[in-house]
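A.B. asks: Got a structure here, written out as structure tokens. Questions coming.
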Protein chains: 2
Amino acid sequence: MSILVIGTMAFDDIETPFGNSDHIIGGSASFISLSASYFSEINIVSIVGNDYPETEFSDFKKRKICTEGVQRVRDKKSFYWKGRYHPDMNERDTIETQLNVIEDFVPVIPQSYQSSEFVILGNIAPAAQLSVLDQLEPAQRFIVLDTMNLWINIANPGLLEVLKRVDMLVLNDSEARLLTNEYSLVKASKKIMELGPKSVIIKKGEHGALLFDKQNIFYCPALPFEEVFDPTGAGDSFVGGLVGFLSQAKSVDFDALKNAVVLGSVMASFCIQEFGTLALRNLDAQKINKRLDAFTKLSKYSISSL
Amino acid sequence: MSILVIGTMAFDDIETPFGNSDHIIGGSASFISLSASYFSEINIVSIVGNDYPETEFSDFKKRKICTEGVQRVRDKKSFYWKGRYHPDMNERDTIETQLNVIEDFVPVIPQSYQSSEFVILGNIAPAAQLSVLDQLEPAQRFIVLDTMNLWINIANPGLLEVLKRVDMLVLNDSEARLLTNEYSLVKASKKIMELGPKSVIIKKGEHGALLFDKQNIFYCPALPFEEVFDPTGAGDSFVGGLVGFLSQAKSVDFDALKNAVVLGSVMASFCIQEFGTLALRNLDAQKINKRLDAFTKLSKYSISSL
């Protein structure tokens, strides 16, 4: 099994109450791929500039993350984002965005990627996501879409087109409300499923994540922390863990989706503990299992009837 | 086993996007007692005016809710609150408050109440809560305190005095932050436990409830609804179900507390489905068990390791 991931490979510059990250590796495809690589082989489709370090490609290779589909542009720089988190770490301001190579990105999918049974359309312009779908040969695949408020606001028609063609949408609560104009997340999930996806995950940050299909609801709480060091990439790490687990489980029924949401939450819980992708680079099965135990302890209770 | 409850017995007038309740029975002691009465005998300490209906006392008697400790004032009216919920049902404005009988309330505990093994200090002025504690003869009891932002702001010294003498504090997330000046709920819970309580429950509305003691954390998600009809009294119903369950379980260890939080959440989930106390008056073990099943289904998953 392998997962095709499209998204950004970028540099981030992050300010939090705990300090500054300086220039570090970020981007949706980086977080998703590192997180999912603990479960599956990964095929990245992305674009970088002349400032992107070669060491990153060799590190990805060791992790069975294939970068054949990553375009390298010689006369431009990589996508760059600078942001500052508020003291409560729940909100952030964008200080600077340099689109650079992303501006003219036209994804090209290598033939070797056509065997991927799972596809993650990471947070990037809907036009790029559509281009990936258009290039995929017909096959049985499970396609997961991530998006953000920016695309809901400025690229709504494109986003609606992508939505028709995916199995699952992952977004946060404010994005779900923005997309559907419904405050109730139950109602919002129903409206989203009418747009195409057979299931929806609504992420609620420190409040956990809700999974919906047409018949069922599952609520996975988030592990409470004393400090959130850097929330950047937590949503991408979640999607990586989620789809990584599904590809390992070789199932997408509701029971598998529930477990996948837990594993996604586990991977996101690592991500927020260090700057950027750092925490995602130093995990192993033992650490993941230990964190999974903490999640189970957090929400397990014994009573089943009075 | 029995539970001593102090709180208000009042009239509410509630406006929601779904309509107006008109003049209905409300008050913390009413919600707590009705909720807890499905699990235990109840002894109420409260005060009402000349407008309070006699039928309410006979209904309470049928439910094994003793009102011997409820003072009836002939020349004054009952406590009255009028409020209006915002369209998202998460915020509300107070339109009118008439303290009436509550203004000069000095609780008097009947001798027959001294056998209560559980005490709920419902949301009322800390001075009245302290008076109850002062009148209790020394005995092994489990004492649970509920409070609100008003008392944190205007009666802080009294509240801190009560906190020293209780086993558990129940409050919502914004109140926990207000009381401790900590944004992180993990840090807030630690500060609260330094003030006296051995355990803390932080309610997060639609996001569920967190239970802390010095060693453990438990997170009970809330059942997602399409519509919240009237959130008034949900917190009181939670506390009633919580302590009601503990008195039935005859245990206050962490496993019992976890189950109690689930039962509290179950009772709160009924409360919000109709105006005022209406939903809490028509339950039975079968309905409660069915809702408990829905909670278990909501958060249960099977994976325990990779």
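A.B. asks: When segment B:129-150 is examined, which residues are found to be over 22 Å from B:SER265 (Cα atoms) and surrounded by 22 or more Cβ atoms within 10 Å (Cβ to Cβ)? So that I can check it myself, show each step before the final result.
C.D. replies: We begin by selecting, within segment B:129-150, every residue over 22 Å from B:SER265 (Cα atoms); these are B:129-141, B:150.
Within segment B:129-150, B:GLN129, B:VAL132 qualify.
A.B. asks: Keeping to segment A:265-304, report how many residues are in contact with a helix residue (DSSP H, G or I) (Cβ under 7 Å, 6 or more places away or on another chain) and among the charged types (D, E, K, R).
C.D. replies: If we filter segment A:265-304 for residues that are in contact with a helix residue (DSSP H, G or I) (Cβ under 7 Å, 6 or more places away or on another chain), which is where we start, we get A:265-273, A:277, A:279-281, A:283, A:288, A:291-292, A:295, A:299, A:301-304.
When the remaining residues are screened for being among the charged types (D, E, K, R), the result is A:281, A:291.
Count: 2.
A.B. asks: For segment B:205-233, what are the residues that are touching a Leu at 6+ places or on another chain (Cβ under 7 Å) and under 23 Å from B:GLY26 (Cα atoms)?
C.D. replies: none
A.B. asks: Which of (1) buried (at least 23 other Cβ atoms within 10 Å of the Cβ); (2) in contact with a Ser or Thr (Cβ under 9 Å, 6 or more places away or on another chain); (3) not small (Gly, Ala, Ser) does A:LYS214 not meet, given it meets every other one?
C.D. replies: (1)
A.B. asks: Looking at (1) over 19 Å from the mean Cα position of the chain (by Cα); (2) polar (S, T, N, Q); (3) in a helix (DSSP H, G or I), find the lone condition where A:GLN140 falls short.
C.D. replies: Only one criterion in (1) over 19 Å from the mean Cα position of the chain (by Cα); (2) polar (S, T, N, Q); (3) in a helix (DSSP H, G or I) is unmet by A:GLN140, namely (3).
A.B. asks: Can we say B:ALA279 is closer than 25 Å to A:LEU210 by Cα and either hydrophobic (A, V, I, L, M, F, W, C) or modelled with pLDDT of 95 or more (or both)?
C.D. replies: Working: closer than 25 Å to A:LEU210 by Cα: no; either hydrophobic (A, V, I, L, M, F, W, C) or modelled with pLDDT of 95 or more (or both): yes.
Considered against the rule, which asks whether it is closer than 25 Å to A:LEU210 by Cα and either hydrophobic (A, V, I, L, M, F, W, C) or modelled with pLDDT of 95 or more (or both), B:ALA279 comes out as no.
Every residue, every condition in (1) hydrophobic (A, V, I, L, M, F, W, C); (2) out of contact with any Lys or Arg (no Cβ under 7 Å at 6 or more places or on another chain); (3) within 21 Å of A:ILE109 (Cβ to Cβ), yes or no:
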{"residue": "A:ILE32", "(1), (2), (3)": "yes, yes, yes"}
{"residue": "A:ASN43", "(1), (2), (3)": "no, yes, yes"}
{"residue": "A:VAL48", "(1), (2), (3)": "yes, no, yes"}
{"residue": "A:GLU54", "(1), (2), (3)": "no, yes, no"}
{"residue": "A:ASP59", "(1), (2), (3)": "no, yes, no"}
{"residue": "A:GLY69", "(1), (2), (3)": "no, yes, yes"}
{"residue": "A:LYS82", "(1), (2), (3)": "no, yes, no"}
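A.B. asks: Being among the polar types (S, T, N, Q), buried (at least 20 other Cβ atoms within 10 Å of the Cβ) and either out of contact with any Leu (no Cβ under 7 Å at 6 or more places or on another chain) or part of a loop (DSSP other than H, G, I, E, B) (or both) narrows it down to one residue among B:SER58, B:SER21; which is it? Let's see the steps before the verdict.
C.D. replies: Values: B:SER58 fails: buried (at least 20 other Cβ atoms within 10 Å of the Cβ).
Testing whether each residue is among the polar types (S, T, N, Q), buried (at least 20 other Cβ atoms within 10 Å of the Cβ) and either out of contact with any Leu (no Cβ under 7 Å at 6 or more places or on another chain) or part of a loop (DSSP other than H, G, I, E, B) (or both) leaves just B:SER21.
A.B. asks: Condition first: away from every other protein chain (no Cβ under 14 Å), of a type in the set (Asp, Glu) and part of a loop (DSSP other than H, G, I, E, B). Can you find one or more residues in segment A:190-211 that meet it?
C.D. replies: no
A.B. asks: When you look at B:SER30, is it assigned to a helix (DSSP H, G or I), of a type outside the set (Lys, Arg) and surrounded by fewer than 16 Cβ atoms within 10 Å (Cβ to Cβ), yes or no? Step through it out loud before you land on a result.
C.D. replies: Numbers: assigned to a helix (DSSP H, G or I): yes; of a type outside the set (Lys, Arg): yes; surrounded by fewer than 16 Cβ atoms within 10 Å (Cβ to Cβ): no.
No: the conditions fail for B:SER30.
A.B. asks: Among (1) surrounded by fewer than 18 Cβ atoms within 10 Å (Cβ to Cβ); (2) over 16 Å from the mean Cα position of the chain (by Cα), which single condition is B:LEU223 missing?
C.D. replies: (1)
A.B. asks: Restricting the search to segment B:215-245, which residues are aromatic (Phe, Trp, Tyr) and in contact with a strand residue (DSSP E or B) (Cβ under 6 Å, 6 or more places away or on another chain)?
C.D. replies: Of the residues in segment B:215-245, the ones aromatic (Phe, Trp, Tyr) are B:218-219, B:225, B:229, B:238, B:245.
Within segment B:215-245, B:PHE218, B:TYR219 meet the criteria.
A.B. asks: Let me ask something else about it. Checking A:PHE57 against (1) touching a His at 6+ places or on another chain (Cβ under 9 Å); (2) of a type in the set (A, V, I, L, M, F, W, C); (3) without any contact (Cβ under 8 Å) to a residue 24 or more places away in the chain, which single condition isn't satisfied?
C.D. replies: Unmet for A:PHE57, out of (1) touching a His at 6+ places or on another chain (Cβ under 9 Å); (2) of a type in the set (A, V, I, L, M, F, W, C); (3) without any contact (Cβ under 8 Å) to a residue 24 or more places away in the chain: (1).
A.B. asks: Let me ask you something else. Could you list, in sequence order, the residues of segment A:155-214 that are in contact with a strand residue (DSSP E or B) (Cβ under 9 Å, 6 or more places away or on another chain), of a type in the set (Lys, Arg) and under 30 Å from A:GLU227 (Cβ atoms)?
C.D. replies: A:LYS203, A:LYS204
A.B. asks: Given the structure, is A:SER37 over 26 Å from A:GLU226 (Cα atoms) and either modelled with pLDDT under 95 or under 15 Å from the mean Cα position of the chain (by Cα) (or both)?
C.D. replies: On the way: over 26 Å from A:GLU226 (Cα atoms): yes; either modelled with pLDDT under 95 or under 15 Å from the mean Cα position of the chain (by Cα) (or both): yes.
In short, yes.
A.B. asks: Output yes when any residue across segment A:12-22 is in contact with a Phe, Trp or Tyr (Cβ under 6 Å, 6 or more places away or on another chain) and either within 21 Å of A:GLU103 (Cα to Cα) or without any contact (Cβ under 8 Å) to a residue 40 or more places away in the chain (or both), and no when none is.
C.D. replies: Within segment A:12-22 (the criterion being in contact with a Phe, Trp or Tyr (Cβ under 6 Å, 6 or more places away or on another chain) and either within 21 Å of A:GLU103 (Cα to Cα) or without any contact (Cβ under 8 Å) to a residue 40 or more places away in the chain (or both)), the answer is yes, since at least one residue qualifies.
A.B. asks: Report those strands (runs of 3 or more DSSP E) wholly inside segment A:66-134 carrying at least 3 residues which are over 21 Å from A:SER33 (Cβ atoms). Talk me through it step by step, then tell me what you get.
C.D. replies: Values: elements: A:79-85, A:92-98, A:118-121.
Here the list reads A:79-85, A:92-98.
A.B. asks: Moving to a separate point now. If you take the residues of segment B:73-107 that are over 20 Å from the mean Cα position of the chain (by Cα) and surrounded by 14 or more Cβ atoms within 10 Å (Cβ to Cβ), which of them is farthest from the other protein chains (Cβ to nearest Cβ)?
C.D. replies: B:LYS76
A.B. asks: Across segment B:212-229, what is the total count of residues that are assigned to a strand (DSSP E or B) and without any contact (Cβ under 8 Å) to a residue 12 or more places away in the chain? Write out each step before concluding.
C.D. replies: Of all residues in segment B:212-229, those assigned to a strand (DSSP E or B) come to B:212-213, B:217-220.
So of that shortlist, the ones also without any contact (Cβ under 8 Å) to a residue 12 or more places away in the chain come out as B:219.
Residues that pass the stated criteria total 1.
A.B. asks: Quick check: anything in segment B:129-149 without any contact (Cβ under 8 Å) to a residue 12 or more places away in the chain and more than 14 Å from chain A (Cβ to nearest Cβ)?
C.D. replies: yes
A.B. asks: Report yes if some residue within segment B:167-175 is within 12 Å of another protein chain (Cβ to nearest Cβ), buried (at least 22 other Cβ atoms within 10 Å of the Cβ) and in contact with a Ser or Thr (Cβ under 7 Å, 6 or more places away or on another chain); otherwise report no.
C.D. replies: Within segment B:167-175, not a single residue is within 12 Å of another protein chain (Cβ to nearest Cβ), buried (at least 22 other Cβ atoms within 10 Å of the Cβ) and in contact with a Ser or Thr (Cβ under 7 Å, 6 or more places away or on another chain).
The values are calculated or read from the model by the stated rules, or taken from the named source; none is laboratory data. Because the structure is predicted, anything quoted here is derived from the model rather than measured. Cβ coordinates were reconstructed from backbone atoms using ideal geometry, including for glycine residues, and neighbour counts include every protein chain displayed.
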